[in-house]
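Below is one structure; the comments refer to it alone.
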Amino acid sequence: VNPESSLTTLAEEVRDAHSTVAGALTRESSRRNNHASNMQELRDSQSKIMLWCRQQRSTMENLKEAGQIQEYTNSFQSNITVMETNFLVLMELAEPLLPNKEVNKILEDAIELW
């Protein structure tokens with residue numbers, strides 16, 4: 001057995017193993033970055049929905065006169081379809097991240113306030 005040939009073969013095996021490991025690390029890093037980005041998008045979506053719900057509740061609690069109630073009702077009806085769409089987006093963002101305790105909590109909080 002030629003020692004140079006054995007060393008060359010060993011060096012090729014090490015290079016191949018290095019390439020495999022480097023590729024796996026790159027894919028894992030990308031997956032984690034993508035997951036973090038998706039989680040932030042989910043949190044942002046939830047925040048928007050929860051803010052809107054709180055604003056609606058606060059406005060509703062301060063209504064006194066029939067004219068105010070009618071104006072609020074008209075505004076609410078025009079805005080609810082947009083917010084329903086935003087709520088569906090929240091659910092769609094969450095789906096690929098499940099099962100996950102943090103995602104479950106984000107959804108539970110939004111649903112409870114909704």
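The residue of region 74-96 that is nearest to Gln55 (Cα to Cα), among those that are open to solvent by less than 60 Å² (accessible area, probe 1.4 Å) and modelled with pLDDT of 95 or more, is Leu90.
Number of residues in region 1-52 that are free of Cβ contacts under 8 Å to residues at least 24 places away in the same chain and either open to solvent by 80 Å² or more (accessible area, probe 1.4 Å) or outside any helix (DSSP H, G or I) (or both): the value is 24. Confirm whether Leu113 is touching a Cys at 6+ places or on another chain (Cβ under 7 Å) and open to solvent by less than 90 Å² (accessible area, probe 1.4 Å). Criteria met by Leu113.
Is it true that Glu65 is open to solvent by 80 Å² or more (accessible area, probe 1.4 Å), in contact with a Leu (Cβ under 7 Å, 6 or more places away or on another chain) and of a type in the set (D, E, K, R)? Talk me through it step by step, then tell me what you get.
On the way: open to solvent by 80 Å² or more (accessible area, probe 1.4 Å): yes; in contact with a Leu (Cβ under 7 Å, 6 or more places away or on another chain): no; of a type in the set (D, E, K, R): yes.
No, not satisfied.
Of the set (1) touching a residue at least 24 places away in the same chain (Cβ under 8 Å); (2) touching a helix residue (DSSP H, G or I) at 6+ places or on another chain (Cβ under 6 Å), all apply to Leu63 but (1).
The values are calculated or read from the model by the stated rules, or taken from the named source; none is laboratory data. All of these numbers come straight from a predicted model, not from anything done at the bench. Ideal geometry is used to build each Cβ from the backbone, glycine not excepted, and the neighbour counts take in all protein chains shown. To get the accessible areas, we keep the full protein, side chains included, count just its heavy atoms, and leave off ligands, DNA and RNA. Shrake-Rupley method; radii C 1.70, N 1.55, O 1.52, S 1.80 Å.
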